[in-house]
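The values are calculated or read from the model by the stated rules, or taken from the named source; none is laboratory data. Source: prediction; values computed, not measured. Virtual Cβ from ideal backbone geometry, glycine too; neighbours counted across all protein chains shown.
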Amino acid sequence: MNQRAQNLLVACYTQDPGFFAVGPFESSSGTIVPFYFEFRKLYSDPKAVRRLANHTAQAIKKMRPQVVAGAADAGIPLAMAISLKTNIPFVYIKKQRKAFLAKTAVEGSFPPGARAVLIDDTLLYGNTKKCLIDNARKDGLRVTDVLVIYESGGRGYQQSAARAWLKRQRITTHFIFRKEEMITFLMKRRLVPPQTLLINDRYAENPKTWVNNGHYWQDFLTWKKDYAALRSAR
C-alpha cells in the first residue's frame, strides 16, 4: 500500500467512526462477520468520493475502457465520479434484469461489444461480480476489468469458484486496498487492537464455522472490548 493509499485510508478512518464497523454482523451469505470496512458511508462526503475518484482515474485510463460500469448499488456513486473525472461514459449493471419494457440489466447507452471496467466497493468471493458480468454480456457489454475499493486476499476468498471463473475469463481485477494490508497498517498506527489480523484470518479461513468455536468467539469478544477502549481513548 503506497503513501497515497495510506493517507486516503487514514482520512477515511478518522472522518467517520462507522467506517470501521465492529460486529458481529450477518452477511448476505449467512456468515457472521466480526467486522468490516464500511466504504459506503464515504459516499455521503463529496470530498471523500473525489479522493477515491482521483486515486483511481489514472489506473482506469490505462485499462482503456469505453465504458465505466457501476455495480448496482454500491459501485454506482464511485463509477459516476470516475466517469466525471475521466470523461469516459457511465452505465450501471443490475443483478436483476428488468421484467418489463427493454428487460435489460445494463442501464445507459453504449456501443455493442464495448469494453467496460466494472466498479464496485468490495471483492470477496466474487459471486456478485460473476452475476453482473454475465448480465452485461447478455446485453452486449464486455467487462474486461474489475476495480474495487478493497478486496480480501484470504485463501478462502481467493480459492472460490467465482474467483477462478474470473481468471478463466481473463478478467483482470484491481483494487485500491487489500483488506489484510489495511488491517496491518491500522494495527501499526494503533488504531485497532493487535489481535485484529488474527480475528480476520480466523473468519476468512472458516467463514461459516468460526463462530461455533468457543475459543475463537471468546477471543473476538475480548478484541471487541479492546477496540472500544482504544476508540474511547482517542
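Structure summary
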item	result
The lone exception for His215 - which of (1) surrounded by 14 or more Cβ atoms within 10 Å (Cβ to Cβ); (2) out of contact with any helix residue (DSSP H, G or I) (no Cβ under 6 Å at 6 or more places or on another chain); (3) free of Cβ contacts under 8 Å to residues at least 60 places away in the same chain; (4) of a type outside the set (S, T, N, Q) it fails	(1)
Single unsatisfied condition, Gly23 versus (1) crowded, with 16+ Cβ neighbours inside 10 Å; (2) touching a Phe, Trp or Tyr at 6+ places or on another chain (Cβ under 6 Å)	(1)
Qualifying residue in the stretch 192-199 (condition: surrounded by fewer than 19 Cβ atoms within 10 Å (Cβ to Cβ) and outside any helix (DSSP H, G or I))	yes
Strands (runs of 3 or more DSSP E) (entirely within the stretch 1-71) containing at least 1 residues that are within 20 Å of Val91 (Cβ to Cβ) and in contact with a helix residue (DSSP H, G or I) (Cβ under 8 Å, 6 or more places away or on another chain)	67-71
Residue within the stretch 95-116 that is surrounded by 17 or more Cβ atoms within 10 Å (Cβ to Cβ) and either under 16 Å from the mean Cα position of the chain (by Cα) or without any contact (Cβ under 8 Å) to a residue 12 or more places away in the chain (or both) present	no
Enumeration of residues in the stretch 133-159 that are crowded, with 18+ Cβ neighbours inside 10 Å and over 18 Å from Pro111 (Cα atoms)	Val146, Leu147, Val148, Ile149, Tyr150, Glu151, Ser152, Gly154, Tyr157
Leading residue by the ranking (nearest to the chain's Cα centre (by Cα)) among those in the stretch 182-195 that are touching a residue at least 40 places away in the same chain (Cβ under 8 Å) and closer than 23 Å to Glu151 by Cβ	Met182
Top-ranked residue of the stretch 136-161 - restricted to ones that are within 19 Å of Gly75 (Cα to Cα) and out of contact with any strand residue (DSSP E or B) (no Cβ under 6 Å at 6 or more places or on another chain), ranked as modelled with the lowest pLDDT	Ser152
Residue in the stretch 36-51 that is farther than 30 Å from Ser109 by Cα, touching an Asp or Glu at 6+ places or on another chain (Cβ under 6 Å) and surrounded by 17 or more Cβ atoms within 10 Å (Cβ to Cβ) present	no
Criterion (within 17 Å of Pro65 (Cβ to Cβ) and within 22 Å of the chain's Cα centre (by Cα)) met by exactly one of Asp134, Asp120, Asp139	Asp120
Yes/no for Phe175 being without any contact (Cβ under 8 Å) to a residue 60 or more places away in the chain, closer than 23 Å to Arg51 by Cα and aromatic (Phe, Trp, Tyr)	yes
Matching residues in the stretch 61-88 - criterion: being touching a strand residue (DSSP E or B) at 6+ places or on another chain (Cβ under 6 Å), more than 21 Å from Tyr43 (Cβ to Cβ) and either surrounded by fewer than 21 Cβ atoms within 10 Å (Cβ to Cβ) or at pLDDT below 95 (or both)	Met63, Gln66
